[in-house]
Amino acid sequence: MDKAFISKLYITHQACPTCPAPVEVSKFFEDLLGALFADFTQLAHLSEDQFEALLETLQIELVRILRHNPGRGLVDAPQLAEDFFQALPVIFDKLQEDVTAMFEGDPAAKSRNEVVRSYPGFYAIAAYRMAHHLHTLGVPGIPRIITEHAHSKTGIDIHPAAKIGEHFCIDHGTGVVIGETSVIGNHVKLYQGVTLGALSVNKEDAEKKRHPTLEDRVVIYAGATILGGETVIGHDSVVGGNVWLTRSVAPHSKVYYQAKMYNGDTHEMDLVIFKGDQ
């Protein structure tokens, strides 16, 4: 191999010798999730003092990650870590509400601990809740690594900057995409393959609201695509499977896609979108 190329690569590694690798960030998330949810791991062998020491160790690990995070700027890593861990009770309560949403919203769920132990929606939402709080604290990079770790394991892609309310349910989940500027209200349910995306992918639109808003108690069925920063799905609405939406829907609406099978006698094959129940 070319010596100059090897040297070029070597220099890039020397530029950040203590940068935390994504695998280290992912391990921090999984260890913390295990500490928060007994169903996700097994720490019953620890004494209460040992369990407290474990949480303190995790906080120290977060300080290390923040301190050596590329692009960290001028930040007080110990204070940021303290602020994050002080917020854990609120994050935990929100996740308990999410577990309730998934348990109550899925007839196949036999128990809450089944949701925690095996549901990809819970795992992805847990990653989002933690990453989102780090994002609100102004931490660069690390939140995206956490949500992309969950994305790689579940197929659910939630940008940490998205704003998601309480009692959130993702059922099945594979292929769900929730873009950076999405706003989701309370008691919302998404099925697999739902995309909350942007109409434009131009770089100059980076600071604009590019992704839709879902108000409270909205249900979006499998394969639906909703695009645009000005698109609002009104509260208590239902969007059916495979619907493509680029404009707003009034509250209490039902929007669905209906395909007529091909009729060989009439050569008819229509696609119809119905809106109603205002």
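The values are calculated or read from the model by the stated rules, or taken from the named source; none is laboratory data. Because the structure is a prediction, the values reported are computed rather than measured. Here the Cβ is made from the backbone with ideal geometry for all residues, glycine too, and neighbour counts use every protein chain on show. Ligands, DNA and RNA are stripped out before the accessible areas are found, and what is left, the full protein with its side chains, is counted by its heavy atoms. Shrake-Rupley method; radii C 1.70, N 1.55, O 1.52, S 1.80 Å.
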By the scheme Lys and Arg +1, Asp and Glu -1, what is the net charge of all other residues having a beta-carbon under 13 Å from that of Val188? -4
The simple spin-label model distance between Lys110 and Lys8, using points 7 Å out along Cα→Cβ, in nm, is 5.7
Could you list log10 I(q)/I(0) for the chain at q = 0.10, 0.13, 0.17 Å⁻¹, which the Debye formula gives when each Cα is one point scatterer? -0.61, -0.93, -1.34
In degrees rounded to 10, the 0-90 angle between helix 120-136 Cα long axis and the longest Cα principal axis of the chain is 60
Solvent-free Debye scattering, log10 I(q)/I(0), computed from the Cα coordinates of the range 2-157 at q = 0.21 Å⁻¹: -1.40
Computed [θ] at 222 nm, helices only, for the chain once each DSSP H run of length n ≥ 4 contributes -39500 (n - 2.57): -13000 deg cm²/dmol
Once the Cα atoms of helix 77-86 and of the chain are each reduced to a long axis, what angle between those two axes, in degrees from 0 to 90 to the nearest 10, is obtained? 50
Two-site FRET efficiency, Ala21 against Lys153, from Cβ-Cβ distance with R₀ of 22 Å, rounded to 0.05: 0.85
So how far apart, in nm, are the two label points at His68 and Glu207 if each is 7 Å from Cα heading toward Cβ? 3.4
Largest-first ranking of Lys189, Lys8 by accessible area, probe 1.4 Å, whole protein assembly kept, is Lys8, Lys189
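Starting from 0.36 nm per residue, how many nanometres of slack lie between Phe85 and Thr100 once their C-alpha separation is accounted for?
Roughly 3.1 nm would be gained on extension.
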Cα centroid distance between the range 28-49 and the range 183-238, in Å? 34
Among the Cys residues of the chain, which have no other cysteine Cβ under 4.7 angstrom away? Cys169
Which value, in Å² rounded to 10, gives the accessible area of Leu137 with a 1.4 Å probe and all protein chains present? 50
Between the Cα axis of helix 22-36 and the main Cα principal axis of the chain, the angle (0 to 90°, nearest 10) is 80
Can you give the convex hull volume per residue for the Cα atoms of the range 72-174, as a whole number of Å³? 88
